[in-house]
Amino acid sequence: MQETQKLALLGGQKTVTSEPGDMFTWPIITQEHEDAVLKVLRAGNMSGMDITKEFEKEYAEAIGMKYSLACNNGTAAIHSAFYGMGIGVGDEVICPSLTYWASIISVYSLGATPVFAEIDPETLCVDPADIERCITPRTKAIVVVHYAAMPADMDAIMAIAKKHGVMVFEDCSHAHGCLYKGKDVGTIGDASGFSLMSGKSFVAGEGGIMFTNNQRIYERALLLGHYARHGEIELEEQKQWIGLPCGGYKYRMHQLSSAFGLVQLRHYPQQMAEIDKAMNYFCDLLEDTPGINPIRPAKGSDITKGGWYFSRAKYDGQALGGLSVKRFSEAVEAEGTICGPGCNKPLHTHVLFSEMDVYGHGKPTRIANLPEGVDISQLVCSLPITERINTEVCGIPWFKHYRPEVIAQHAEAFKKVAANYKDLLEDDPDKTQDIGGYSSFRRS
Ligand SMILES: *Cc1c(COP(=O)(O)O)cnc(C)c1O
């Protein structure tokens with residue numbers, strides 16, 4: 001039936017006829033959220049710490065972690081954790097190049113060097129084998145990103161970390177509520193951090209939170225950007241620094257955000273269950289559609305995608321006569337749904353990670369604090385999979401409600417384009433065009 005349909009991009013009828021309504025609205029704001037925020041406002045309690053500490057405690061209990069520290073954004077939570085872990089001058093930190101910049105850039109302000117590792121093209125997460133290639137005697141930590149809500153291969157990564165005596169940080173900013181083999185992401189490495197900004201799957205407004213079970217990591221994190229909480233420091237080793245924020249940073253979370261987050265913590269499990277049901281239904285409908293294969297855990301596995309943030313599908317242009325992902329996405333969106341080519345631009349292709357001298361060392365910042373004469377060949381990287389991945393993935397709609405008829409229309413939009421790809425081949429000028437962005441946060 002689809003074979004005879006004219007694509008909306010070429011003047012045909014749109015597949016999706018339903019109004020979006022609240023299908024994509026996020027976060028879902030209830031009376032409870034409004035009351036909690038207004039209460040803080042009316043009490044003049046915006047810069048306090050009581051509600052933030054309550055939020056930290058509830059979140060930590062929810063995932064079974066000992067220490068938690070809320071910050072004014074995810075970037076600050078990650079920076080605090082890095083300092084907590086003792087990352088400093090001359091250290092190397094391994095990170096996937098396919099991620100949002102905040103996963104790694106703050107190592108610069110600690111005097112450390114980022115080293116970029118390759119991804120697994122099936123999960124878009126860091127490839128453990130390539131992590132091992134990147135390890136040197138100066139490696140201090142591995143940053144794992146559970147990218148686009150797919151948990152990374154933590155068993156393999158933790159084994160490598162143990163073998164080489166390096167620490168692991170989990171950036172869970174895409175992965176709130178994801179389970180890796182039944183365990184919450186963010187509880188497996190030495191420390192973890194989550195962005196809570198309003199585009200993410202768990203939203204507090206602007207905010208971030210870090211977790212660890214290690215008292216030293218927690219107390220050092222407090223030292224960096226939480227001078228007003230230095231009273232919580234117990235370890236003698238850390239006490240000598242007490243009084244002023246060591247790094248000169250102030251990372252306290254706004255209590256309008258933590259009050260919102262506290263309410264959100266109570267709603268999230270149920271919302272996540274509905275999202276999971278809706279998204280799996282959509283992916284089921286796309287099974288066996290040529291060219292498009294949503295990335296999700298194997299059925300019946302104990303890996304889950306939590307809130308399905310920024311979910312991507314693998315795109316195989318070869319199955320569609322060489323059609324570019326850009327042209328495919330354009331046609332799918334013309335049908336009235338959400339797609340979008342690519343994901344993030346690889347960080348190692350940005351000048352900040354090659355030549356740029358941020359602090360005036362007289363040499364590129366990425367190598368500024370390495371000893372003279374060190375072999376930096378592993379830093380000058382070519383990462384072929386990461387470099388081509390933006391032409392091999394696209395977005396899928398991020399449904400917040402399980403409404404089968406509406407979801408079926410959106411799936412039909414993808415299927416219609418896949419079935420009629422030949423009509424798009426002639427006018428496909430975009431094959432080599434730049435896709436993805438370093439910093440924009442994108443819909444879907
Ligand atoms: C959003 C994000 C961050 C940074 O969080 P902010 O709250 O925006 O500072 C860090 N890492 C990843 C992977 C992210 O997507």
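The values are calculated or read from the model by the stated rules, or taken from the named source; none is laboratory data. Computed from a predicted model, the values in this text were never measured in an experiment. Counting neighbours? That spans all protein chains shown, and the Cβs are built from the backbone with ideal geometry, glycine included. Accessible surface is based on the protein model in full, side chains and every heavy atom, while ligands, DNA and RNA are left aside. Shrake-Rupley method; radii C 1.70, N 1.55, O 1.52, S 1.80 Å.
Looking at T212, T187, just one residue is open to solvent by less than 10 Å² (accessible area, probe 1.4 Å), away from the ligand (no atom under 16 Å from the Cβ) and on the phi < 0 side of the Ramachandran plot, and that residue is T212. Residue-level check: of (1) farther than 26 Å from K14 by Cβ; (2) basic (K, R); (3) open to solvent by 50 Å² or more (accessible area, probe 1.4 Å), K345 misses just (3). If you check D316, D284, D302, which single one turns out to be surrounded by fewer than 16 Cβ atoms within 10 Å (Cβ to Cβ), touching a residue at least 40 places away in the same chain (Cβ under 8 Å) and farther than 27 Å from A60 by Cβ? Only one candidate qualifies: D316. The condition of being more than 16 Å from the ligand (Cβ to nearest atom) and in contact with a helix residue (DSSP H, G or I) (Cβ under 8 Å, 6 or more places away or on another chain) holds for A156.
State whether one or more residues within the range 138-150 are under 17 Å from A76 (Cβ atoms) and either more than 10 Å from the ligand (Cβ to nearest atom) or out of contact with any Asp or Glu (no Cβ under 8 Å at 6 or more places or on another chain) (or both). No, the conditions are met nowhere in the range 138-150. When V203, V144, V126, V168 are checked against the criterion of being out of contact with any Cys (no Cβ under 8 Å at 6 or more places or on another chain), in contact (Cβ under 8 Å) with a residue 12 or more places away in the chain and either closer than 30 Å to P397 by Cα or open to solvent by 10 Å² or more (accessible area, probe 1.4 Å) (or both), a single residue qualifies: V203. Of everything in the range 201-256 that is of a type in the set (G, A, S) and within 19 Å of S106 (Cβ to Cβ), the residue that is modelled with the lowest pLDDT is G247. Among the residues in the range 61-76, are any in a loop (DSSP other than H, G, I, E, B), touching a Pro at 6+ places or on another chain (Cβ under 9 Å), within 14 Å of the ligand (Cβ to nearest atom) and closer than 30 Å to L265 by Cβ? Within the range 61-76, not a single residue is in a loop (DSSP other than H, G, I, E, B), touching a Pro at 6+ places or on another chain (Cβ under 9 Å), within 14 Å of the ligand (Cβ to nearest atom) and closer than 30 Å to L265 by Cβ. Based on this model, can you work out whether E333 counts as surrounded by fewer than 22 Cβ atoms within 10 Å (Cβ to Cβ) and either in a helix (DSSP H, G or I) or among the aromatic types (F, W, Y) (or both)? For E333, the condition - surrounded by fewer than 22 Cβ atoms within 10 Å (Cβ to Cβ) and either in a helix (DSSP H, G or I) or among the aromatic types (F, W, Y) (or both) - is met.
Just one of the listed residues (A70, A8, A81, A77) is touching a Gly at 6+ places or on another chain (Cβ under 9 Å), farther than 30 Å from L223 by Cβ and open to solvent by less than 70 Å² (accessible area, probe 1.4 Å), and it is A8. Counting only residues that are among the charged types (D, E, K, R) and assigned to a strand (DSSP E or B), the range 302-323 holds 2 of them. Applying the condition of being more than 30 Å from S106 (Cα to Cα) and not in a helix (DSSP H, G or I) to the range 22-40 and asking which residue is most open to solvent (accessible area, probe 1.4 Å) yields I29.
Considering M150, M158, which residue is surrounded by 19 or more Cβ atoms within 10 Å (Cβ to Cβ) and either of a type in the set (S, T, N, Q) or more than 27 Å from A368 (Cβ to Cβ) (or both)? Just one listed residue meets the conditions, M150.
Taken over the range 382-405, residues that are part of a helix (DSSP H, G or I) and surrounded by fewer than 21 Cβ atoms within 10 Å (Cβ to Cβ) amount to 7. Considering the conditions (1) under 25 Å from S201 (Cβ atoms); (2) open to solvent by 60 Å² or more (accessible area, probe 1.4 Å); (3) of a type in the set (A, V, I, L, M); (4) more than 25 Å from the chain's Cα centre (by Cα), A43 is excluded by exactly one of them, (1).
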